[in-house]
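Novice: Next up is a structure, given as structure tokens.
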Amino acid sequence: MSRREVVQALSGLMLGMFVSILASTVVSNALPRIIADLNGSQSVYTWIVTAELLAMTATVPLWGKLADIYNKKLLVQLSLLLFVAGSLIAGFTPDVQVLVVSRVVQGIGAGGMTALATIVLAAIIPPREMGRYAGMFGAVFGVATIAGPLIGGVMVDTSWLGWRWCFFIGVPFSIAAIALLQKTLHLPSVRRKSVQIDWLGAFLITAGVSTLLIWSTLAGQHFAWASGETAAFVIGGVVLLALAVWVESRAAEPIIPLALFRNRTVTLTIIASVLVGVAMFGGTVFLSQYFQVALGKSPTVAGLMSLPMIFGLLVSSVVAGALITKFGKWKIFLVAGAAIMTAGMLLLSTIDAKTSVLVLSLHMAVLGIGVGMLMQNLVLAAQNDVPAAELGAATSTLTFFRSMGGAIGVSALGAVLANKVTSLTAQKFGPAATAAGGSGDSVPDLTTLPPEIKAIFADIYGTATAELFLVGAPIAFLAIIAVLFVKEKPLSELSGEERRAREEAALRAH
């Protein structure tokens with residue numbers, strides 16, 4: 001493919017990736033209104049986000065394996081069609097149960113787009129040139145993640161649209177991406193008929209991760225953290241994951257090849273990707289609730305308040321990618337990004353209901369800069385250090401663990417927030433908490449509360465959100481330790497397809 005054809009194909013990939021990632025967070029500012037209209041609870045609030053993330057996480061390795069067997073372009077288009085179907089179901093949903101199911105369908109499509117976009121990118125662009133394009137993809141990923149609340153807020157506040165358009169808006173863009181990819185993306189179609197998909201391994205991985213996420217969402221609300229139910233969930237999840245490891249170690253074509261973990265760079269970047277996912281999703285999803293409940297902003301204003309994080313991520317991702325392409329050095333950006341991300345989490349742990357918009361904006365910009373420098377460059381480091389034949393597996397595995405980090409972050413940090421809100425509500429209101437307009441498990445509708453009660457709830461959510469970031473800061477700090485031990489290697493001058501051809505020629509020669 002010529003440079004012009006590459007740019008045209010990447011535009012279709014980035015458009016598809018933007019709308020599929022957007023689905024993860026576009027509902028953030030709309031959730032208070034959605035929950036009120038559909039009579040949901042704080043636990044459902046978390047699961048509307050987590051269901052999509054979980055489905056995306058569980059299916060990423062499957063899409064990566066399918067990319068080694070079937071035509072990559074057709075798989076990308078299929079993932080976008082699934083996303084369109086899920087979006088339409090969500091837009092017409094009559095209740096929260098159907099909404100959660102539709103988010104699962106959306107997540108399956110988003111999982112395909114997330115995994116396949118980076119696999120296609122590695123197939124047509126050499127690692128030495130990847131920095132520039134990886135920076136663009138990182139910016140698209142980050143902007144879609146953080147711009148979602150703004151777009152969702154505008155939809156909610158526009159009388160002739162409403163929250164259902166948070167789901168409908170991605171449909172025309174997805175169809176446009178399908179058409180653009182059909183015209184511009186040209187890849188060799190290679191089908192390995194002998195390859196079999198390890199469905200048992202896929203099931204065990206999905207079941208194990210889902211069990212632990214369900215536990216972290218329900219614990220503290222529906223049963224105590226130290227209880228028989230907790231023991232059952234944790235033991236069940238660990239056993240399922242242990243069985244998954246056993247099955248994967250014996251499968252001829254494992255969903256997640258365990259041999260990848262023998263590669264030090266891949267293992268360390270996977271660890272860092274999980275931690276970035278926690279910070280990226282866990283932090284940003286609940287900031288939207290903080291803007292509306294603690295600061296009393298409208299959904300649109302709450303979305304605008306996320307702009308400093310968007311700009312920080314956008315600028316740092318593009319600039320870091322350009323510098324990596326120019327100088328060929330990438331480790332310094334991983335270390336600096338992890339350190340800045342941790343600093344941003346610590347700064348956001350100091351906020352409350354009285355924090356000024358200027359101070360809050362600076363704190364969010366710091367977090368965005370750190371994530372932008374770190375996120376996509378972790379994928380670049382891993383892709384550069386594996387054989388071409390393992391590019392798909394390495395890329396999808398890394399994406400899987402980053403998505404899993406996001407699902408864990410939303411679920412676990414959401415539980416931290418809900419528990420803190422519960423305890424503070426009990427302290428402030430005592431037995432009358434429910435009558436006052438919101439128990440620990442319900443999201444208060446501020447428009448129905450008198451000013452004095454509204455001020456108390458604002459203080460409760462401000463304090464609880466700060467604690468959420470305080471819990472997340474040590475998790476982000478672990479990313480610094482992980483990337484410090486990554487060994488920097490020169491970036492390859494060959495694309496994935498060129499490397500594959502050379503490796504196959506070398507094997508034939510022997």
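Novice: If residue 329 passes every condition in (1) part of a helix (DSSP H, G or I); (2) touching a residue at least 40 places away in the same chain (Cβ under 8 Å); (3) closer than 24 Å to residue 125 by Cβ but one, which one does it miss?
Specialist: Only one criterion in (1) part of a helix (DSSP H, G or I); (2) touching a residue at least 40 places away in the same chain (Cβ under 8 Å); (3) closer than 24 Å to residue 125 by Cβ is unmet by residue 329, namely (1).
Novice: Could you list, in sequence order, all residues of region 377-396 that are within 14 Å of residue 280 (Cβ to Cβ) and open to solvent by 10 Å² or more (accessible area, probe 1.4 Å)?
Specialist: none
Novice: So, one more: Quickly run through region 93-107 and pick out the residues that are at pLDDT below 90 and open to solvent by 10 Å² or more (accessible area, probe 1.4 Å).
Specialist: Passing the criteria: 94, 95, 96, 97, 98, 100, 101, 104.
Novice: Can you name the number of the only condition in (1) within 29 Å of residue 31 (Cα to Cα); (2) modelled with pLDDT under 85; (3) touching a Lys or Arg at 6+ places or on another chain (Cβ under 7 Å) that residue 273 fails?
Specialist: Unmet for residue 273, out of (1) within 29 Å of residue 31 (Cα to Cα); (2) modelled with pLDDT under 85; (3) touching a Lys or Arg at 6+ places or on another chain (Cβ under 7 Å): (2).
Novice: Is it the case that residue 396 is in a helix (DSSP H, G or I), over 19 Å from residue 113 (Cβ atoms) and in contact (Cβ under 8 Å) with a residue 12 or more places away in the chain?
Specialist: no
Novice: When the residues of region 332-341 are filtered to those that are in contact (Cβ under 8 Å) with a residue 40 or more places away in the chain and open to solvent by 30 Å² or more (accessible area, probe 1.4 Å), which remaining residue is nearest to residue 370 (Cα to Cα)?
Specialist: The qualifying residue nearest to residue 370 (Cα to Cα) is 339.
Novice: Can you name every residue in region 232-282 that is of a type in the set (Lys, Arg) and farther than 29 Å from residue 372 by Cα?
Specialist: 250, the sole residue that qualifies.
Novice: Also, quick follow-up: So if I check each of 286, 311, which one is open to solvent by less than 10 Å² (accessible area, probe 1.4 Å) and touching a helix residue (DSSP H, G or I) at 6+ places or on another chain (Cβ under 8 Å)?
Specialist: Every option except 286 fails the conditions.
Novice: Among the residues of region 159-184, write down those that are touching a residue at least 60 places away in the same chain (Cβ under 8 Å) and assigned to a loop (DSSP other than H, G, I, E, B).
Specialist: 163, 164, 169
Novice: Another question about this same structure. Which of (1) closer than 22 Å to residue 299 by Cα; (2) modelled with pLDDT of 70 or more; (3) open to solvent by less than 70 Å² (accessible area, probe 1.4 Å) does residue 471 not meet, given it meets every other one?
Specialist: Result: residue 471 fails condition (1) only.
Novice: So, in region 249-266, of the ones that are modelled with pLDDT of 85 or more and either in a loop (DSSP other than H, G, I, E, B) or in contact with a Leu (Cβ under 8 Å, 6 or more places away or on another chain) (or both), which residue ends up most open to solvent (accessible area, probe 1.4 Å)?
Specialist: 249
Novice: Based on what the data block shows, is residue 287 under 19 Å from the mean Cα position of the chain (by Cα), hydrophobic (A, V, I, L, M, F, W, C) and part of a helix (DSSP H, G or I)?
Specialist: Here the answer is yes, as residue 287 does meet what is asked.
Novice: Looking at (1) more than 24 Å from residue 260 (Cα to Cα); (2) at pLDDT 70 or above; (3) of a type in the set (S, T, N, Q); (4) buried (at least 17 other Cβ atoms within 10 Å of the Cβ), which one does residue 399 not meet, given that it meets all the others?
Specialist: Condition (1) is where residue 399 drops out.
Novice: Please work out which one of (1) open to solvent by 50 Å² or more (accessible area, probe 1.4 Å); (2) at pLDDT 80 or above; (3) polar (S, T, N, Q) is the condition residue 194 fails and give its number.
Specialist: Going through (1) open to solvent by 50 Å² or more (accessible area, probe 1.4 Å); (2) at pLDDT 80 or above; (3) polar (S, T, N, Q) one by one, residue 194 breaks only (2).
Novice: Any chance region 238-248 includes a residue that's over 25 Å from residue 394 (Cα atoms) and open to solvent by less than 50 Å² (accessible area, probe 1.4 Å)?
Specialist: no
The values are calculated or read from the model by the stated rules, or taken from the named source; none is laboratory data. Quick caveat: nothing in here was measured; it's all calculated off a predicted structure. A quick note on method: Cβ atoms are made from the backbone with ideal geometry, for glycine too, and the neighbour counts reach across all protein chains shown. Protein only, heavy atoms only, side chains kept; ligands, DNA and RNA dropped before computing areas. Shrake-Rupley method; radii C 1.70, N 1.55, O 1.52, S 1.80 Å.
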